[in-house]
Amino acid sequence: MYPNSIHCDITGVDHKIVTATQNVEEFLTWVQKMIGEMCQGKRICVSLDCEGFNLGAIPNSLGLIQIAQCYADDVFDPNVETPIPLNIQPGFMVKIPNCPEVYDGLSALLTQDNIRIICFDFICDFASMTEVGIKINFENAFDTQTFGCKGTYFPNRSLKEVCENGNLCEEYDLCIEAIKQKKSFDFAKFTYECRNEIAPFEKMLSEDFWRYSCHDIVLTALAGISAITKYGTDNVIEYSKDKAKKFEEFQKQYGILAPSIAKNASFTASHVDQLKRSSKLKFAYSNFSRAWCIVQGYDMMDPDTKKSLKHPKEYFVECCENAAKFIEENAPKQ
C-alpha cells in the first residue's frame, strides 16, 4: 500500500516508511543503536517533523512522523567551518497509527538525556505525538522558530523566513527550491474536500506529498543551522526551554491538545470578522478551513483562547456554512 522508502533528492539518502507491518524491525534496530551511542556519552541530534490532517488543530490528526539523525559533532562549535553540512542520515517516516512497539521505540529515543530534537515550532507536532502516547523530553527540543522571540509563545515566523537565513549550509540552494514547491499544496481546499472522510490523511499521500514530507526533514535541519549561526546555540536552547515549560504547563492545565488548538486559533483571531465573507474561491476555502478547525477544537479550548476569538462556537458554524455555500455555487464542476 505504501512505498518501502522515499528518496530525498536534496541529500541523496533514502528514508524508510514504517507501518505496523513494514520496516518495524529496521526502525527498532536503529533506535537501539542510537540509544546505545547516547548511553556511551554521545550527544545525538535528530531532525523531527510531523504531518497530519490539520495537525494539532483537531483530535486524532497525526498522520506521519519524519525523523533522521543530522549534523556533525562540531555543529554547535562557535568556530565551526562553513559551509556547514546538514549531514542528514538515512531515517524513517513513521506512519500513524502504528504498533505499540514503534510508539515505545520513539518514546525511548525521544526521552534520552543526550538527544537534541531539532524542530520548527514543536507545538502542533508534540501535542499530536503525546496525544497518541509518545513520550518526549521537551527540555531537549531545539526549536528554531523561537530564536529572537523569548517571551512570545506563538512567534509568527515562517519556515521559509528562517531557512532563508541559513545560507552557510551546503545544501542551501536545493532547500530553497524545495520550499518553493510547497506552494503547490492547497491544504485549505483539501480540508473542505476531505472533511467527512473517515481517514482524510490517507487522501493526502500522493507521490508529491511523500516527497514534500521527506524534504521537511532537511528543511527543519536547515532552520537549525540558521538559528545556530545567527543567534548562537545557547540562546536558542534558552528560548526553547522557555517555550517547552509553557507548553507543559498549558497541557497540564487545559489538556493534551490545548496548546496546539490555541496555536491554530491564534492564526484565525486576527481574521475572525472576515470569515463570513467570501468574495473569491480561494478565500472561501481558506475561510472554511479556519472556521471548521475552530468548530472541531472549540470545546477543548482554554478560556483565553475562546475570548480572543470574540465569537461563540455558533458563529464559526455559520461561517462554515457560508463558505461551503459559496464553494458549491462557484467551484468548477467535476
Seminar exercise, completed: Note on Glu171: of the conditions (1) at pLDDT 70 or above; (2) touching a Lys or Arg at 6+ places or on another chain (Cβ under 9 Å); (3) more than 25 Å from Ala269 (Cα to Cα), unmet is (2)
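If you go through the range 14-24 one residue at a time, do you hit one that is of a type in the set (D, E, K, R), in contact with a strand residue (DSSP E or B) (Cβ under 7 Å, 6 or more places away or on another chain), in a helix (DSSP H, G or I) and surrounded by fewer than 18 Cβ atoms within 10 Å (Cβ to Cβ)?
Let us first name the residues in the range 14-24 that are of a type in the set (D, E, K, R), namely 14, 16.
Of the ones still in play, those that are also in contact with a strand residue (DSSP E or B) (Cβ under 7 Å, 6 or more places away or on another chain) are 14, 16.
The next check asks that each one be in a helix (DSSP H, G or I); those that pass are none.
No; the residues of the range 14-24 include none that is of a type in the set (D, E, K, R), in contact with a strand residue (DSSP E or B) (Cβ under 7 Å, 6 or more places away or on another chain), in a helix (DSSP H, G or I) and surrounded by fewer than 18 Cβ atoms within 10 Å (Cβ to Cβ).
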For this session: For residues that are more than 13 Å from Asn137 (Cα to Cα) and of a type outside the set (A, V, I, L, M), scanning just the range 231-242, find the one that is surrounded by the most Cβ atoms within 10 Å (Cβ to Cβ).
Result: Tyr239
Seminar exercise, completed: Within the range 28-44, residues of a type outside the set (A, V, I, L, M) and either over 24 Å from the mean Cα position of the chain (by Cα) or buried (at least 22 other Cβ atoms within 10 Å of the Cβ) (or both) come out as Thr29, Trp30, Gln32, Lys33, Gly36, Glu37, Cys39, Gln40, Gly41, Lys42
For this session: Could you list, in sequence order, all residues of the range 304-320 that are in a helix (DSSP H, G or I), in contact with a helix residue (DSSP H, G or I) (Cβ under 9 Å, 6 or more places away or on another chain) and either modelled with pLDDT under 95 or not hydrophobic (A, V, I, L, M, F, W, C) (or both)?
Result: Asp304, Thr305, Lys306, Ser308, Lys313, Tyr315, Glu318
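Name every residue in the range 74-94 that is of a type outside the set (A, V, I, L, M, F, W, C) and either free of Cβ contacts under 8 Å to residues at least 24 places away in the same chain or surrounded by 22 or more Cβ atoms within 10 Å (Cβ to Cβ) (or both), in order of residue number. It would help to see each step written out before you state the result.
Of the residues in the range 74-94, the ones of a type outside the set (A, V, I, L, M, F, W, C) are 74, 77-79, 81-83, 85, 87, 89-91.
Of everything in the range 74-94, those that are of a type outside the set (A, V, I, L, M, F, W, C) and either free of Cβ contacts under 8 Å to residues at least 24 places away in the same chain or surrounded by 22 or more Cβ atoms within 10 Å (Cβ to Cβ) (or both) turn out to be Asp74, Asp77, Asn79, Glu81, Asn87, Gly91.
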Problem set entry | Residue check for Asp104: in contact (Cβ under 8 Å) with a residue 24 or more places away in the chain and of a type in the set (Asp, Glu) | no
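The values are calculated or read from the model by the stated rules, or taken from the named source; none is laboratory data. None of these values were measured; they are calculated from a predicted model. Cβ atoms come from the backbone with ideal geometry, glycine included; neighbour counts cover every protein chain shown.
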